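Here's the structure we're looking at; comments come further down.
The values are calculated or read from the model by the stated rules, or taken from the named source; none is laboratory data. Remember, predicted model here, so these are calculated numbers, not experimental data. Because the Cβ atoms are built from the backbone with ideal geometry, glycine has one as well, and the counts that use them run over all protein chains shown. All accessible areas refer to the heavy atoms of the entire protein, side chains included, with ligands and DNA or RNA removed. Shrake-Rupley method; radii C 1.70, N 1.55, O 1.52, S 1.80 Å.
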Amino acid sequence: MFSHVFLGVADFDRALAFYTPLMAALQLPRRFCDPARPWAGWQSVPGPRPLFVIAHPFDAMAATAGNGQMTAFQAATRAMVDEAHAAALAHGGVCEGPPGPRPQYHEHYYGAYFRDPDGNKLCVVCHDPV
C-alpha cells in the first residue's frame, strides 16, 4: 500500500541517533544515509519497499509534528515491541503509552507509543497472540 513514509526532522544528527537503535530493535536495515543532504532511510524486510525516511523538509521550512498524525511500525514479536520502546526512550524519546495489550483495538494487539525528539508520534505494534 505505501511506497514510503517521510518524517521531517529539525536536527538530523539527533534524529539519526534516535532512529538507528529503534530500527535495529525492529530488525529493519538501513538502505541509505547521507548526512550531507541530510537524509536516511530504512527498508522493510524483504524490501525494497516500503521505506521509512527522515530528512530536513525539502521546502527548507522548520520541521513540525502534526497533531493527530502517527506512524506505526509492525514488530514480529511482543518482545520486539518492548525492545523498541526501551530503545526509543533511551535515545531521547518520550513515552506516550508503555508496552502492553490494547484489547480495545483487537484481541491480540500489543503496542507501545512514544514521540521522537522532534515530537512525531510513533507506535510499535505486534498483532500476533504471542
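Specify the residue that is nearest to Val124 (Cα to Cα); the eligible residues are those in segment 49-99 that are open to solvent by 70 Å² or more (accessible area, probe 1.4 Å) and assigned to a strand (DSSP E or B). By that ranking, first place goes to Gln74. Screening Phe32 on (1) hydrophobic (A, V, I, L, M, F, W, C); (2) closer than 14 Å to Phe6 by Cβ; (3) in contact with a Gly (Cβ under 8 Å, 6 or more places away or on another chain); (4) touching a residue at least 12 places away in the same chain (Cβ under 8 Å) shows it passes everything except condition (4). Selection of segment 1-19 for residues being within 12 Å of the chain's Cα centre (by Cα) and either surrounded by fewer than 16 Cβ atoms within 10 Å (Cβ to Cβ) or outside any helix (DSSP H, G or I) (or both) yields Val5, Phe6, Leu7.
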